[in-house]
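One structure is given here, and the rest of the page talks about it.
The values are calculated or read from the model by the stated rules, or taken from the named source; none is laboratory data. What you see is a predicted model, and the numbers here were worked out from it, not measured in a lab. Every residue, glycine as well, gets a Cβ built from its backbone with ideal geometry; the counts of neighbours run over all protein chains shown. Please note that ligands, DNA and RNA were not included when accessible areas were found on the heavy atoms of the full protein model with its side chains. Shrake-Rupley method; radii C 1.70, N 1.55, O 1.52, S 1.80 Å.
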Amino acid sequence: MATSKQPSARERLLATATTLFYERGITATGVDTVVAESGVSKPTLYAHFRTKEQLVAAVLADRDARRRTEIPAWVDAHARAPRAKVLAVFDWLEAFYADGGARGCAFVNAAAEIPDPDSPARLTAREQKTWLRDYVESLARAARLRGPHALAVQLQLLIEGVHARVAVDGDPELAREPIAQARAAARTLVRAAS
């Protein structure tokens, strides 16, 4: 008889904090709420994360690691041709919002809530956005598009615009139109760079 491995206290804390910080906001979610909803004691929380700031940074680092695997895997599974892969990032975005994501981008939200530019959480958010731009640039280079860096910056601005629109609207259903418009603008940019 196989037994399933129970998540560790650290894993429960991260999973609970990930959900709460995204759904309710970082500032609005205290460590007491994370402790209560994770079923982990406060001393255990502080044994893993000395401060709430460390917990926030760990949540974002975990999300960043998953995103760096998830997006390329999704793009590779849904697009074959190099130019199609550039545009598939927008298809991933649509799938992301179709699966939830009512509060927009967790990294943008964190950056908005954390004013200190040197905060570990803020730095993680910045690193994730740099990774995304670099990833899109690598797709543009593989597609032999002109000006791959400038194109990646332009495409990222479209992506971030979608994230902002969803965060403001608060309804992933309303994301369909901005995603469709962002994808159309991306097609125009990719065509111009061909």
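Work out the length of the dipole vector of region 113-176 about its Cα centre, built from +1 on the beta-carbon of each Lys and Arg and -1 on the beta-carbon of each Asp and Glu, and round it to the nearest 20 debye. Mind dumping the intermediate values first?
Details: 9 positive and 10 negative charges, 102 e Å.
It comes to approximately 500 debye.
Taking the Cα centre of region 76-194 as origin, work out the dipole magnitude from +1 charges on Lys and Arg Cβ and -1 charges on Asp and Glu Cβ, in debye rounded to 20. Spell out each step's value before the answer.
Working: 16 positive and 15 negative charges, 162 e Å.
Charge dipole of region 76-194: 780 debye, to the nearest 20.
Using 0.36 nm times the number of residues separating SER8 and ARG141, minus their current alpha carbon distance, what extension gain do you get?
Details: separation 133, 0.36 × 133 = 47.88 nm, distance 4.16 nm.
That works out to 43.7 nm of additional length.
Taking the Cα atoms only, what angle lies between the long axis of helix 176-193 and the longest principal axis of the chain, rounded to 10 degrees?
50 degrees
Sorting check: for 65-78, 146-159, which peptide has the highest mean count of neighbouring beta carbons within 10 Å, and how do the rest follow?
Working: 65-78: 13.9, 146-159: 17.4.
Result, highest mean Cβ count within 10 Å first: 146-159, 65-78.
Would you mind checking LYS5/LYS52; LYS5/LYS85; LYS52/LYS129; LYS42/LYS129 for any pair whose Cα atoms are more than 30 angstrom apart? Each step should come with its number before you reach the end.
On the way: LYS5/LYS52 27 Å; LYS5/LYS85 37 Å; LYS52/LYS129 23 Å; LYS42/LYS129 32 Å.
Result: LYS5/LYS85; LYS42/LYS129 exceed 30 Å.
Considering only protein heavy atoms and a 1.4 Å probe, what is the carbon-and-sulfur percentage of the accessible area of region 28-69?
Values: 1120 of 2140 Å².
Carbon and sulfur atoms account for 53 percent of the accessible area of region 28-69.
What nm distance separates the two modelled labels at THR27 and ARG187, each placed 7 Å from Cα along Cα→Cβ?
4.0 nm
Tell me, in nm to one decimal, what length is gained between LYS42 and GLU70 on full extension, where the rule is 0.36 nm per residue of separation less the Cα-Cα distance?
Working: separation 28, 0.36 × 28 = 10.08 nm, distance 3.20 nm.
Stretched fully, the LYS42-GLU70 segment lengthens by 6.9 nm.
To the nearest 20 debye, what charge dipole does region 23-147 have about its Cα centre, counting +1 at the Cβ of each Lys and Arg and -1 at the Cβ of each Asp and Glu? Could the numbers behind the result be given before it?
On the way: 19 positive and 17 negative charges, 111 e Å.
Rounded to the nearest 20 debye, it is 540 debye.
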